[in-house]
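> I'd like to ask you about the structure that follows.
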Amino acid sequence: MFDTGAPSIRMQRSHGAAHVVMGPRGLIDLAQRGSAKAMLPRMTAGLPEIVFLNTAGGLASGDRLSFGVDLRAGTRALATTQTAERAYRATGAPARASVALTVGAGGWLDWLPQETILYDDARLERDTTVDLAPGAGCLLLEMLVLGRLAMGERPTRLHLRDRRVVRRAGRVIHHDALSLDGDALARLANPAMTAGAPALATLALIADDAPDRLAAARAVLDEPGVTAAASAPPGRLVIRLLAADGWPLRRQINRVLRVLRPDPLPRIWQV
């Protein structure tokens, strides 16, 4: 191979961070830079909404994206994303994303992002951390779609590190992690794993009375094409869902959310 002397091409990377601070009377502070934006639509009913957006259109090799919410004592809010996040094929270092959520005493946060779609050969590492003060609670949703299903794409290789940690007064009370690498996709086909379902989701309700809602949640886990199970360890309600496609998964999640929370669904992703 001949050395042409031409300089190597350095690909441009996307970096973005957005952070919102809210109190009982509304917005206190908003900081954003790069590809990360945060919008606060006018509230018509239910919780105040925070909508995050990645203007880069997705995550590629070496990208960095950070979203943050800080709710002061007694504040309630909902945070979501404007559209599905996409993790594209990566040829180098993984994209890294972080979500940092803080809820003050007596506060409540619904973190209900839209799904993350993982393209073939995507490389993504993401951490979601929630710090709850005494008397605070949260509802967390994570939806993953493996491949561009409408195009018939099923990934053969992925690198995914996805971790969610909830702490109360500094003590870990919920830890949920998913790791996929190489032949891990083949292992997911095992009936004891996901039986090959390419769309999966986890809902976690963290509140003292969360176990009391187990029966109501189970009663609506009946969407055709979706396999779901719910459990209620102390102080939590955890629901896991599998589907062959993202649309039945979303319909099932919508019905569960209507049972678990009194407020309207996020306006930006109602179906």
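The values are calculated or read from the model by the stated rules, or taken from the named source; none is laboratory data. The model shown is predicted, which means the values in this text are computed figures rather than measured ones. Reconstructed Cβ throughout: ideal geometry from the backbone, glycine too, with neighbour counts over all protein chains shown. These area figures cover heavy atoms from the full protein model, side chains too; ligands, DNA and RNA do not enter into them. Shrake-Rupley method; radii C 1.70, N 1.55, O 1.52, S 1.80 Å.
> If one takes the longest principal axis of the Cα atoms in the chain, at what angle in degrees, from 0 to 90 and to the nearest 10, does the Cα axis of helix 246-260 lie?
Around 20 degrees separate the two axes.
> Taking Cα pairs under 8 Å and at least six residues apart, what relative contact order does segment 89-167 come out at, in percent? Could you put the intermediate results ahead of the total?
On the way: 163 pairs, mean separation 30.4, N = 79.
For segment 89-167, the relative contact order is 39 percent.
> Over segment 26-185, with every protein chain in place, what whole percent of the accessible area is carbon and sulfur at 1.4 Å, could you tell me?
On the way: 3250 of 6520 Å².
That share works out to 50 percent.
> Taking 8 Å as the Cα distance limit and 6 or more residues as the minimum spacing, I'd like the relative contact order of the chain as a percentage.
After rounding, I find 12 percent.
> Starting from the 7 Å offset along Cα-to-Cβ, what nm value, one decimal, do you get for the label separation of ARG154 and LEU30?
4.4
> GLY107's amide H: which non-local residues (gap 5+, or another chain) put their own amide H closer than 5 Å, with H modeled 1.01 Å from N in plane and none for Pro or chain starts?
GLY74, THR75, ALA136, GLY137
> Still on this structure, please answer the following. Could you give the nm distance between label points at SER179 and THR227, where each point is 7 Å from its Cα heading toward the beta carbon?
2.4
> Could you do me a favour and compute the accessible area per residue for the chain, 1.4 Å probe, result in Å²?
Spelled out: the 1.4 Å probe surface of the chain, per residue, equals 48 Å².
> Something else: Once you put a point 7 Å from the Cα of ILE268 and another 7 Å from the Cα of ARG251, both along the Cβ direction, what distance in nm separates them?
My value for the distance between the label points is 2.5 nm.
> Moving to a separate point now. Taking θ as phi - 60°, what are the ³J(HN,Hα) couplings along segment 223-234 by the Karplus curve (6.51, -1.76, 1.60), each to the nearest whole Hz, with x for Gly and Pro?
5, x, x, 10, 9, 9, 8, 10, 9, 9, x, x
> Amide H neighbours of ARG157 under 5 Å, at least 5 residues apart or on other chains, H built in the peptide plane: list them.
ASP121
> Step through the residues of segment 160-165 one at a time and calculate ³J(HN,Hα) from phi using the Karplus curve (6.51 cos²θ - 1.76 cosθ + 1.60, θ = phi - 60°), rounding each to whole Hz and writing x for Gly and Pro.
For segment 160-165, the Karplus curve yields 9, 10, 10, 10, 10, 10 Hz.
> Send over the semi-axes of segment 30-267's equivalent ellipsoid, whole angstrom and largest first, taken as the square roots of 5 times the C-alpha gyration tensor eigenvalues.
Calculated on Cα positions only, the semi-axes equal 27, 22, 17 Å.
> Antiparallel DSSP bridges in segment 30-267: what percent, to the nearest 5?
Taking every DSSP beta bridge within segment 30-267, about 45 percent pair in antiparallel fashion.
> Determine ³J(HN,Hα), in whole Hz, for all residues of segment 86-95 in sequence, where each value follows from phi through the Karplus function 6.51 cos²θ - 1.76 cosθ + 1.60 and θ = phi - 60°; x replaces Gly and Pro.
Working through the residues one at a time gives 10, 9, 7, 3, 10, 9, x, 5, x, 6 Hz.
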